[in-house]
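Derivation of every value follows stated rules applied to the coordinates shown; laboratory data play no part. As the structure is a computational prediction, the values presented were derived from the model and not from experiment. Backbone-built Cβ (ideal geometry, glycine too); neighbour counts: all protein chains shown.
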Amino acid sequence: MRVLVTGGAGYIGSVVAAQLIAAGHDVTVLDDLSTGFADAVPAGATFVQGTLRDCAAEVLSDGAEAVLHFAAKSLVGESVADPAKYWSNNLGGTVSLLEAMREIGIRTIVFSSTAAVYGEPERTPVAETDPTRPTSPYGASKLAVDTTLTEFCRLYGFGAVSLRYFNVAGAHQSADGSWFGERHHPETHLIPNVLAAAAEGRPVQIFGDDYPTPDGTCLRDYIHVTDLADAHLRALGACRAGQHRVYNLGHGAGFSVREVIGVCREVTGAGIAADVGPRRAGDPAVLVASSAKIQAELGWRASRDLRAMAADAWRFTQARAPR
């Protein structure tokens, strides 16, 4: 199958593109490199630098049969400071993509959604049927895309799958030895920040240790990026005309901030110090996904544990370190 991967020079998009190529698909990556990296595009993919608005129609007309859509802005804090940027890029860019798909006759799309659409949940684990109440323009823009996909499926016969994932971690190594991992600027994710602290010999910050959890720190659901890519390939095969399916993706268990730091100490061999500060506003104590629906319908289950996530992320960090 000829597949367009938007945002395929970013963290998750590059791993999915690599997995698609390994599975025998013909892959084109479209990315404006505003947050991605040209050297993250996997070998064997055709790379086009550009935006959804400027280039989607041209790239799609070159024989694409399906789209995996990752191109988006994704910093919660930035979305609060500059909401127009997020509505323009995340919703506006996606509508341009969908219109180009409709005009050309491509009806299959897998969308990179987010657990941020749920906001602060009333219960955990969070299921797809729980209320969607995003607390940031980032989450709201992603939810708006989900709504738009539902309408394009109903009106135009699209077949779409939205994957709402929680905390993605780890790195992926292809068969040729190439590593694909996180290179966010700024980095907001816990595991790469802890590993960076280990590499630089500095303490890591804990935001609050007085939550109603076993060790007082927040519990979060983490999923290995390779498991996540597997879910995208399964979702691609599950797209059905006129249907918009939504699935949560998570490990199904929560890991505390202190547990994550402890595993990173084991993986790196570094004595990572932790400085405890006050809570951050809006951080729920526990946020864990229910992945029962995708397990039942597509047979997907997260298989790699927290140690594998930290170990692979550390290998990626070391592979990129100056020699």
Loop-resident chymotrypsin sites (Phe, Trp or Tyr not before Pro) in region 74-133 with no more than 12 other Cβ atoms inside 10 Å, DSSP not H/G/I/E/B, are none
Full extension between Asp215 and Ala43 adds, at 0.36 nm per residue less the Cα distance, a length in nm of 57.5 nm
When the charge dipole of region 164-272 is computed with +1 at the Cβ of Lys and Arg and -1 at the Cβ of Asp and Glu, the Cα pointing farthest to the positive end, of Cys239, Gly170, Ala196, is that of Cys239
Place a point 7 Å from the Cα of Gln318 in the direction of its beta carbon; the residues of region 258-300 whose amide N falls under 13 Å from it are 266-270
For Gln243 and Ser303, extending 7 Å from Cα along the Cα-Cβ vector and measuring point to point gives, in nm, a value of 2.4
Here, GluC sites (Glu not before Pro) of region 1-102 satisfying both criteria (DSSP loop; at most 16 other Cβ within 10 Å) are Glu65
Simple SL model, points at 7 angstrom along Cα→Cβ for Glu120 and Gln205; separation in nm is 2.0
Cross-link reach from Lys85 to lysines, straight Cα distance under 26 Å and at least 8 residues apart if same chain, gives Lys73, Lys142
Dividing the helical contributions, -39500 (n - 2.57) per DSSP H run of n ≥ 4, by the residues of the chain yields a 222 nm value, nearest 500 deg cm²/dmol, of -11500 deg cm²/dmol
Ordered by number, the trypsin sites (Lys or Arg not before Pro) in region 111-162 that occupy a DSSP loop and have at most 16 other Cβ atoms within 10 Å are Arg123
Classified through the alpha carbon gyration tensor (a ≥ b ≥ c as square roots of its eigenvalues; rounded if a/c is under 1.5, else prolate when a/b is larger than b/c, else oblate), region 152-209 comes out oblate
Percent relative contact order for region 211-323, counting Cα pairs under 8 Å at least six residues apart, stands at 42
